[in-house]
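Contents: one structure, followed by commentary.
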């Protein structure tokens, strides 16, 4: 993409991955319009360092709001869309699936529709440079056995309201490519971790509950396996796909870092034992408690990211040991950020036990 055309509408930019991506794209020389509804997981405090940046602007927009979307396209005149806005927590989808269907399915449809109308109106030279990048998850593929990896050709088999809603949005994006020839790209990533992640996710949940002396809940026996990807590696991958990916293609993004959930928890406890020893002298592992498993909890996810590595030259830079260490240190050093969240409605409580 020409540097003159580096104008990106980025949806969900006040969330965890979105906020890190806003920062990354600004460093890469892009003009960024951040559209975010500011739900419980949207936090403008995460972007305090971007406030006043000459290439950054923000609008509080629900992606289901047709008029607001149309106005954003016409006013900002983007050369690309990076679509991250989504309800994303599996446990919350079990309790309130309607919200996930509205945002992830209907919202994606409205964004696609407005993007197509805008793209269709562009001169041919700008039209050929336009890209719509849809950011999705490996959870759309369902659950793996003890062996094998998810590839871009894997069959969709979602098992939760969240993964079903993301699978639906993936199919909508592909339909807009096939039917209307909108130049789209899709990425499916593994579990992200790193700075600014909302505290109900596993890694920050363990760090914050441990440092507060609270028990650390682990679903089932902690044997579910996930592939872990540092958020900064994910952001670089998304920029790479946007700039060099082939339209109509899907790219899986993973860190090749498979761990059982109990191993993640124990590793974080080991880092905390060294970095922030408990006042009672005990290991934080003594706080681990096994609890009732999540309904429909997929056993294992693992990503084959060879396509993006070989075709686009992307490689992750963070190892699990360095990434987890950096993440623990960030949460210990940014107490005011997460305390402002815990002082609101969220209290590190268990969600998604059985639905309503």
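Annotations
- If you run the Gaussian network model on the chain, springs between alpha carbon atoms under 10 Å, then out of 302, 70, 48 the most flexible one is 48.
- The chain - Kirkwood radius from inverse mean 1/r over Cα pairs (Å): 20.8 Å
- If you run the Gaussian network model on the chain, springs between alpha carbon atoms under 10 Å, then out of 81, 328, 291 the most flexible one is 291.
- Cα gyration tensor shape of the stretch 42-94, rounded if a/c is under 1.5, else prolate or oblate by comparing a/b with b/c: oblate
- CD proxy at 222 nm, helix term only [per DSSP H run n ≥ 4: -39500 (n - 2.57); per residue of the chain; nearest 500]: -11500 deg cm²/dmol
- Take 154-166, 119-131 and order them by the average number of nearby Cβ atoms within 10 Å per residue, most first; the result is 154-166, 119-131.
- The angle separating the long axis of helix 66-76 from the principal Cα axis of greatest extent in the chain is about 70 degrees.
- Residues considered: 215, 103, 179. Largest GNM mean-square fluctuation over the chain, using C-alpha springs under 10 Å, is found at 179.
- Modelled this way, with points 7 Å down the Cα-to-C-beta line, the labels at residue 321 and residue 179 are 5.2 nm from one another.
- Mean-position separation - Cα centroids, the stretch 156-229 and the stretch 28-93, in angstrom: 19 Å
- Residue 299-residue 339 pseudo-label distance in nm [points 7 Å out on the Cα-to-Cβ vector]: 4.5 nm
Where a number appears in this text, it was derived from the coordinates with a stated rule and is not lab data. Note that the structure is predicted; figures quoted are calculated from it, not measured. Quick reminder, even Gly has a Cβ in these numbers, built from the backbone with ideal geometry, and neighbours come from all protein chains shown.
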